[in-house]
Amino acid sequence: MTPSEEDVRAVLNQIIDPCSRVAGAPVGLVDMGLIRRLTLTAGVGTVDVHMVIGVTEYGCLLAPSFAAEARRLLSDLRGIGSIDIELDGEFDWLPEDMSAAYRQHLVDRRAAINRVMLPMREPPDRSATPVRGEALGPVGQK
């Protein structure tokens, strides 16, 4: 049996973006939206894989290591024929390229961090704060 696109995506999603790991929210290349294109072509008893791997910004140097790891992991997958990997030169990644599930994970994670780091408190009383353009009185007077 040859691997499906879902099988290939699952393998590629095992490759964790190191920046997401450092940020404390590890995510695979698929959920990060870095697999820009993926095409599977059925052969005789195998499936050939063609993909384009991108990065989030121009200065990121990780694309070649992502490609090497993708080739290594896919080569171990039974039923894979040829593997053709291109690196995306467009640098057009947007946060919207992330999977909806991962975007929600980030929202939930940020909310949890904010609950710990920025506990709810009474807002300061700003009624005595001068309005923009209003002259301040002499120092020491109210």
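Take R36 and decide whether it is out of contact with any Ser or Thr (no Cβ under 8 Å at 6 or more places or on another chain), modelled with pLDDT of 95 or more and open to solvent by 60 Å² or more (accessible area, probe 1.4 Å).
yes
Of all residues in segment 7-30, those that are at pLDDT 95 or above have Cβ atoms under 7 Å from Cβ atoms of residues that are of a type in the set (K, R), 6 or more apart or on another chain, in V30/R9.
Scanning segment 1-20 for residues that are open to solvent by less than 70 Å² (accessible area, probe 1.4 Å), in a helix (DSSP H, G or I) and closer than 13 Å to A42 by Cβ yields a single hit, V8. Considering segment 49-92, the residues that are open to solvent by 40 Å² or more (accessible area, probe 1.4 Å) and of a type in the set (F, W, Y) include one that is farthest from L12 (Cα to Cα), namely Y58.
The values are calculated or read from the model by the stated rules, or taken from the named source; none is laboratory data. What you are looking at is a predicted structure, and each value in this text was computed from that prediction instead of being measured. Please note: Cβ atoms are built from the backbone with ideal geometry, for glycine as well, and neighbour counts cover all protein chains shown. We work out accessible area using only protein heavy atoms, side chains counted, and drop any ligands, DNA or RNA first. Shrake-Rupley method; radii C 1.70, N 1.55, O 1.52, S 1.80 Å.
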